[in-house]
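Trainee: Please read through the structure below; I'll follow up with questions.
Read-outs throughout are calculated quantities, based only on the coordinates presented, and are distinct from any laboratory measurement. Quick caveat: nothing in here was measured; it's all calculated off a predicted structure. No Cβ is skipped: glycine too gets one built from the backbone with ideal geometry, and neighbour counts run over all protein chains shown.
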Amino acid sequence: MIALQLALDAPEAVHTLALLESARPALQNERQAEFVSSAVRPALERYGVGDKAGAVDTWLRGVGGADYRAALDRALPDAFDQAVADTDTFFGQELPAVQQWAFTQEDASRITQPALLVLGDRTDPIFRERRELLLAWLPNAEPFDLPGATHLLYVENPRGMAEALAAFFARHPLQASL
């Protein structure tokens, strides 16, 4: 979302975009409502009663699947504890900002830079819907499905993610300014 907003606000500062399972735009449909009721609302409720670890666990299960913890611990052993330490920032600032941010088809049409839209091939279908919207809206977008990954893309398949990004950036090199 930050990259999309930067491309809108300062297009001259953005050469390409790599969007890794973007949180927005989100359709207001049954699948979104199910995601809110099964992941967002329970995580917020746990956070609201002071259960920070439970809030993080609920959230990460919702976006990364039931076995998220094994992949997280393998790649970043202290990541869960750090996420718990950062819950006030995530649930108090970042998540509300995500929910309030508006991004329309008209906004997307103004972003002409090449965009790589990455999706884990094992991700929740809600992220697939969001990518489909962006593919339809952004005039210069291309999809990439990362094998063996959920929403925890670069945690679960760092090599595949790095190779995809390197290939995308190689296809769209920065031009040297004189």
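Trainee: Would you pick out the residues in region 56-65 that are among the hydrophobic types (A, V, I, L, M, F, W, C) and either closer than 30 Å to residue 8 by Cβ or free of Cβ contacts under 8 Å to residues at least 12 places away in the same chain (or both)?
Mentor: Across region 56-65, the qualifying residues are 59, 60, 63.
Trainee: Scanning region 126-145 for residues that are among the charged types (D, E, K, R) and surrounded by fewer than 19 Cβ atoms within 10 Å (Cβ to Cβ), which turns out nearest to residue 114 (Cα to Cα)?
Mentor: First, the residues of region 126-145 that are among the charged types (D, E, K, R): 128-132, 142, 145.
Filter once more, so that each one left must be surrounded by fewer than 19 Cβ atoms within 10 Å (Cβ to Cβ): 128-129, 132, 142, 145.
Details: 128: 19, 129: 20, 132: 16, 142: 8, 145: 17 Å.
The extreme case among them is 142.
Trainee: Regarding region 33-48, can at least one residue be identified that is polar (S, T, N, Q) and in a helix (DSSP H, G or I)?
Mentor: yes
Trainee: Moving on. Residues that are in contact (Cβ under 8 Å) with a residue 24 or more places away in the chain and more than 19 Å from residue 2 (Cα to Cα), at least 2 per element: which helices (runs of 4 or more DSSP H) completely within region 66-178 meet that?
Mentor: 68-75, 79-85, 125-137, 153-156, 158-171
Trainee: With (1) out of contact with any His (no Cβ under 8 Å at 6 or more places or on another chain); (2) more than 23 Å from residue 124 (Cα to Cα); (3) crowded, with 17+ Cβ neighbours inside 10 Å as the list, and residue 16 as the residue in question, which single condition is left unmet?
Mentor: That leaves (1) as the condition not met.
Trainee: How about region 1-29: which of its residues are under 18 Å from residue 63 (Cβ atoms) and either assigned to a helix (DSSP H, G or I) or touching a Pro at 6+ places or on another chain (Cβ under 8 Å) (or both)?
Mentor: 2
Trainee: Can you tell me which condition residue 148 does not meet? The list is (1) at positive phi; (2) of a type outside the set (Lys, Arg); (3) surrounded by 17 or more Cβ atoms within 10 Å (Cβ to Cβ), and all the others hold.
Mentor: In the conditions (1) at positive phi; (2) of a type outside the set (Lys, Arg); (3) surrounded by 17 or more Cβ atoms within 10 Å (Cβ to Cβ), residue 148 misses (3) alone.
Trainee: Would you mention how many residues in region 38-68 are more than 30 Å from residue 147 (Cβ to Cβ) and hydroxyl-bearing (Ser, Thr, Tyr)?
Mentor: 1
Trainee: State all residues of region 111-145 that are of a type in the set (A, V, I, L, M, F, W, C) and under 13 Å from the mean Cα position of the chain (by Cα); if no residue qualifies, say none.
Mentor: Hits for region 111-145 are 116, 117, 118, 119, 126, 127, 134.
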